[in-house]
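Notes follow the structure.
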Amino acid sequence: MQSPEEYEITERVNALVKGLKKRRGYTKKDISQKLGIGLTTFNDYLNGVSSFKLGTLIKFAALCKLTLPDILDDTLEAKKLYLEDLADEAKAGKNTLDFLAFILIVPAVTNVYGIQNLFCILHLLLIFFARKDLSSMCISMIFFSVYIFSELLILPFRQYIYPVSSGFIQNVCAFGINLSLDFLLIHLLKNRVQIVLRLTRGKGYSVLDRNYIDAPVYAILLGFVLIDGLAFIENIVRNLEHFGVDEEFAKQFWKMQFIYDHFEYFKIFLMALIVITLFVGTRIRQRQLRLVLGESRFGMNT
């Protein structure tokens, strides 16, 4: 059995094992093989049945791109991994709360899925808000529909693929789906006039009115493509060993995770920009419509 001090170190190792699975796609079997020990022995270490040997800890630290003192003394480098992998949900909740408070959206959202649902609701409200402006309402309906579609699309991945997949595969699926949805949004917005005319059998002609928010919305969508594309590429580069690249060479890219670490912030900011742009654009168009109606009535009275 392990002593309290040894058990504390084992807890840190367990956190790092989760990190290796999430960031490198390693399984426990992969790690045990790289450490030169059997899977049963490795599980005994992780479960506190037996104590880690010094040589094994040194090899494990090197595998994590840490030093032995990083694990023994719980240094800042190790804590970064613990915060990322041991308290992932708490980190996402706190950081999301702080960021949303900063951009003055709704500071009650505490996780990624809550954020998605929040913006889905906001777009639903925008649809109602723009109900007298078919062009703006159509844009909000496209975003709302794609958000709903993304939830339905990701559901089988969460239930059947993610639980049995490595972190690398999970990230490939997640970033790949996001990137595909970005292009779907661009395609639907580009062809929304034809879509509306077909659905309304030619009666929704007001959708032909020029909408000045098209340009900023497309610009923000290009931001979505950039962030999701960089996240996808970064995940590939960070896991080159999965593609047969020599591990010694691939190691130098393991800490390339700037987009990964800040992905939520980028996406929340861009989603907030979309909502703000649609709201302001709709208000401007409503004011223009009122002015046109006012001028028409004035002309009729004279």
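Within segment 12-30, residues that are more than 16 Å from Tyr162 (Cα to Cα) have Cβ atoms under 8 Å from residues that are open to solvent by 30 Å² or more (accessible area, probe 1.4 Å) and not in a helix (DSSP H, G or I) in these pairs: Arg12/Asp74; Val13/Phe52; Ala15/Leu86, counting only partners at least 6 apart in sequence or on another chain.
Give me the pairs: first residue in segment 117-133 and over 19 Å from Leu270 (Cβ atoms), second residue open to solvent by 60 Å² or more (accessible area, probe 1.4 Å) and modelled with pLDDT of 85 or more, beta-carbon distance under 6 Å, and six or more apart or on different chains, which are they? Correct list of pairs: Ile127/Met141. Of everything listed in (1) closer than 24 Å to Ser145 by Cα; (2) part of a loop (DSSP other than H, G, I, E, B), the single unmet condition for Ile195 is (2).
On the given criteria, is Ile115 modelled with pLDDT under 80 and surrounded by 19 or more Cβ atoms within 10 Å (Cβ to Cβ)? For Ile115, the condition - modelled with pLDDT under 80 and surrounded by 19 or more Cβ atoms within 10 Å (Cβ to Cβ) - is met. Quick check on this structure: which one of Ser135, Ser145 is hydroxyl-bearing (Ser, Thr, Tyr) and modelled with pLDDT under 80? On inspection, the qualifying residue turns out to be Ser135. For segment 172-186, the count of residues that are free of Cβ contacts under 8 Å to residues at least 40 places away in the same chain and over 29 Å from His242 (Cβ atoms) is nonzero.
Considering only residues of segment 51-75 that are assigned to a loop (DSSP other than H, G, I, E, B) and among the acidic types (Asp, Glu), which is nearest to the chain's Cα centre (by Cα)? Ranking the qualifying residues of segment 51-75, first place goes to Asp74. Within 21 Å of Cys173 (Cα to Cα), among the acidic types (Asp, Glu) and within 19 Å of the chain's Cα centre (by Cα), is that true of Glu234? For Glu234, the condition - within 21 Å of Cys173 (Cα to Cα), among the acidic types (Asp, Glu) and within 19 Å of the chain's Cα centre (by Cα) - is met.
Within segment 225-244, the residues that satisfy the criterion of being surrounded by 14 or more Cβ atoms within 10 Å (Cβ to Cβ) and outside any helix (DSSP H, G or I) are Arg238, Asn239. For segment 4-50, the helices (runs of 4 or more DSSP H) that sit wholly inside it and include 1 or more residues that are closer than 23 Å to Trp254 by Cβ, modelled with pLDDT of 80 or more and among the β-branched types (Val, Ile, Thr) are 4-24, 28-35.
The values are calculated or read from the model by the stated rules, or taken from the named source; none is laboratory data. Keep in mind the model is a prediction, meaning the values are calculated, not measured. Cβ: placed from backbone, ideal geometry, glycine included. Neighbour counts: every protein chain shown. The area values use the complete protein model at the heavy-atom level, side chains included, leaving out ligands, DNA and RNA. Shrake-Rupley method; radii C 1.70, N 1.55, O 1.52, S 1.80 Å.
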